[in-house]
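The structure under discussion appears below in the form of structure tokens.
The values are calculated or read from the model by the stated rules, or taken from the named source; none is laboratory data. The structure presented is a predicted model; accordingly, all values stated were derived computationally and were not measured. Glycine also receives a Cβ, built like all others from the backbone with ideal geometry; neighbour counts cover every protein chain displayed.
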Amino acid sequence: MLTLLFDGLAYGMLLFVLSCGLAVTLGLMNFINLAHGAFAMAGGYVTVLMTNRWGVPFLLTLPIAFMVTAIAGGLLEKALYCRLYDKTHLDQVLFSIGLVFIAVAGVDYLMGSQQQILNLPDFLRGRFTVGGIGIGVYRAFLVVVCGLLAIALQLILAHTRFGSRLRASVDDRRVARGVGIRVNVIFAVTFAIGSGLAGLGGALGAEILGLDPTFPLKFMVYFLIVVSVGGTSSMTGPLVASILLGVADVLGKYYVPSLGGFIIYIVLVAVLVLRPHGLFSRAA
Amino acid sequence: MMSVREKRQSATAEAVRSVMKRHGRWSRLEIGFWLIAVAAWFLLPGEHLILTEIVIFAILALSIDLVLGYAGIVTLGQAAMYGVGAYASGLLSIHVTGEPLTGLLVAALAGALIAFPTSFLLLRGADLTRLMVTLGVAAVLHEIANQASWLTGGADGLQGIAIDPLFGTFEFDIYGHTGYAYSLVVLFILLLLARFVTASPFGYSLKAIRDNPLRASAVGIPVKARLVAVYTLSGAYAGIAGALFTQTQQFISLDVLSFQKSADGLMVLVIGGTGYLYGGLVGALAYELIQDALSSVTPQYWQFWLGALLIAFVITGRDRPRQLINSISARISRPRQPGRLDAVTVADKGKPT
């Protein structure tokens, strides 16, 4: 039971890293980006390619995956996304679905449609037991890494100059521009970092979530759930939401496998009906 | 004796009525469109299967147009009603009767039955919430169909559907001759109904809600009731589209409830343009032609180019097809009675989202 809880926790932390970028673009910048999973997939493929084909150490591939997807995200933002901030939500949905199609078909073409298997280094395999709880080493690793990331993000958002500039730009773009904040640059950087985090999450999750070209479609709903349930007032909301989602999903699939697929959707619909702005939002 | 005020009111009512009547009139482009669609039955006997598919897609897109184009609800879950309609008519044909028209009715009811409770979930929240709720409902139904394999055949699909001949005489053949004629007639009837509904005061109140829900409720439009009504109607439309799919294919797979289906429907509608009913029809035609052309070039990866097209389309502005059609329409039809009422004309300019 506790082992399952821990697995759920690890899974939830992973979901948080995957979706916190989306929490910023969608939640704060109000841009419906269904293509977020595509960046995660890109990160996953970078890691798998480098460890399996070129023998780069796994830990080293993580920052590379972050960098590669961050750069890709930044370029895309400059080229395409920035034109869509002011368009309607429908336009944004269509645009990002188009991007997902491109990513899915493109990866299928380049890498083949089979599931990719990541060769983890030996020191991250196996399990150990603490107080009667069996814990997978890799899961523990995930919890630590993702937890650190979550804390770092919250600190950056709340206590740095960049964080306050970002919050200002989001709250009122025109006024922020008026007081001399370079809103476009802030948005571009934020978007790049968000994509990078997705890539990092994809790299970390390649082992647990599985990696094949349909990844962006399969997990799109999960990301959106985290953001819409978690609300957007701080990083805590998405964090709690993703841990809840992870635990609920793991426990649900284990105890009531026939219901496993429903639980997250039912929770989602229930939360959205009762609290349309998310569990932890400021009053709208 | 009428007071001045009453006179003025009745004059306004008269003006509004005539404007609405004019908006409800058939344009030449529309008539031409239907003539071509009918002519296709005679001239393209080899293409009836794909034409049937186009018609079914068009009905699905039409159902989305009712909620998106007229009421401004962004939905990514139309497959819920489409799929339920498909399964309902399929199960009916296996267990009760293979009569196609009954199947359509049952599917319409089933679609409406799903849409009605869902619509209450859509009354709260903004675009994102609606998007997620529609998506979630469709995903739940997809999972139910997947799990209840004793009923739906699960991932293997529902087999053994046998549809009786239409009116007892027209057999559904493998070339789709009956199928195309049948679907086209259904589409025509549904479009007539949609035309009637959207040109009615009800339809105008929907547009008001779409453009500004707050103001609409301020002038006394019952916003919630209207949204529930239109979503339910659109559910019935989607259910009928699903039933047509079942009856012409005589096979159902889980795909009818998939996200892909909803996204395709939305895409079809947007390619054709929202908010004038023909968007779905034009879009379905364009979509199938594009898909056909692309998949003959790159059978496996045509989605790549579809995605690229979609992006280009959004970036360049998706009003273009609509503008093109408007300008063609304007050129074809002679200007009638210039002047008087044009100032009052309620132009459908606002972007329908």
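So the values come out like this:
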read-out	value
Options B:Ala11, B:Ala71, B:Ala80: the member that is among the small types (Gly, Ala, Ser) and more than 24 Å from B:Gly242 (Cβ to Cβ)	B:Ala11
Exclusive hit being outside any helix (DSSP H, G or I) and at pLDDT below 90, set B:Ile221, B:Ile271	B:Ile221
Residue tally, condition surrounded by fewer than 24 Cβ atoms within 10 Å (Cβ to Cβ) and at negative phi, over segment A:191-210	5
Every residue from segment B:197-219 that is more than 14 Å from B:Gly275 (Cα to Cα) and in contact with a Lys or Arg (Cβ under 9 Å, 6 or more places away or on another chain)	B:Phe202, B:Ala216, B:Ser217
Hits in segment B:131-152 - residues which are more than 9 Å from chain A (Cβ to nearest Cβ), out of contact with any Phe, Trp or Tyr (no Cβ under 8 Å at 6 or more places or on another chain) and in contact (Cβ under 8 Å) with a residue 24 or more places away in the chain	B:Thr134, B:Leu141, B:Leu151
Residue among B:Arg215, B:Arg226 that alone is under 17 Å from B:Arg130 (Cα atoms) and at pLDDT 85 or above	B:Arg226
Sole exception among (1) farther than 18 Å from A:Ser195 by Cα; (2) within 12 Å of another protein chain (Cβ to nearest Cβ); (3) not hydroxyl-bearing (Ser, Thr, Tyr) for A:Pro121, by number	(2)
Total residues in segment B:182-196, condition surrounded by fewer than 18 Cβ atoms within 10 Å (Cβ to Cβ) and not basic (Lys, Arg)	6
Segment A:31-56, subset without any contact (Cβ under 8 Å) to a residue 24 or more places away in the chain and outside any helix (DSSP H, G or I), residue surrounded by the most Cβ atoms within 10 Å (Cβ to Cβ)	A:Val56
Members of segment A:80-107 that are surrounded by fewer than 18 Cβ atoms within 10 Å (Cβ to Cβ) and more than 10 Å from chain B (Cβ to nearest Cβ)	A:Cys82, A:Tyr85, A:Asp86
Selection status of A:Gly73, within 27 Å of A:Ala192 (Cα to Cα), within 14 Å of chain B (Cβ to nearest Cβ) and either more than 21 Å from the chain's Cα centre (by Cα) or of a type outside the set (Lys, Arg) (or both)	no
Single residue of segment A:125-164 satisfying the filter (of a type in the set (Lys, Arg) and assigned to a helix (DSSP H, G or I)) that is surrounded by the fewest Cβ atoms within 10 Å (Cβ to Cβ)	A:Arg161
Residues being away from chain A (no Cβ under 12 Å) and β-branched (Val, Ile, Thr) - total across segment B:109-130	1
Residue match in segment B:72-87 (condition: over 20 Å from the mean Cα position of the chain (by Cα) and more than 30 Å from A:Ile32 (Cα to Cα))	no
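Results for (1) more than 14 Å from every other protein chain (Cβ to nearest Cβ); (2) farther than 28 Å from A:Leu217 by Cα; (3) acidic (Asp, Glu); (4) surrounded by 22 or more Cβ atoms within 10 Å (Cβ to Cβ), shown as yes or no for each residue.
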site: B:Thr198; (1), (2), (3), (4): yes, yes, no, yes
site: B:Phe202; (1), (2), (3), (4): yes, yes, no, no
site: B:Lys207; (1), (2), (3), (4): yes, yes, no, no
site: B:Ala218; (1), (2), (3), (4): yes, yes, no, no
site: B:Tyr231; (1), (2), (3), (4): yes, no, no, yes
site: B:Phe259; (1), (2), (3), (4): no, no, no, no
site: B:Gly265; (1), (2), (3), (4): no, no, no, yes
site: B:Val270; (1), (2), (3), (4): no, no, no, yes
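To keep it simple, each residue is scored yes or no on (1) part of a helix (DSSP H, G or I); (2) touching a residue at least 12 places away in the same chain (Cβ under 8 Å); (3) under 24 Å from B:Ala286 (Cβ atoms).
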residue	(1), (2), (3)
B:Ala225	yes, no, no
B:Ala229	yes, yes, no
B:Gly235	yes, yes, no
B:Thr246	yes, yes, no
B:Ala263	yes, yes, yes
B:Leu266	yes, yes, yes
B:Gly275	no, yes, yes
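One line per residue, one yes/no per condition, for (1) modelled with pLDDT of 75 or more; (2) assigned to a helix (DSSP H, G or I); (3) more than 13 Å from chain A (Cβ to nearest Cβ):
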{"position": "B:Ala284", "(1), (2), (3)": "yes, yes, yes"}
{"position": "B:Asp292", "(1), (2), (3)": "yes, yes, yes"}
{"position": "B:Pro299", "(1), (2), (3)": "no, no, no"}
{"position": "B:Leu310", "(1), (2), (3)": "yes, yes, no"}
{"position": "B:Val314", "(1), (2), (3)": "yes, yes, no"}
{"position": "B:Leu341", "(1), (2), (3)": "no, no, yes"}
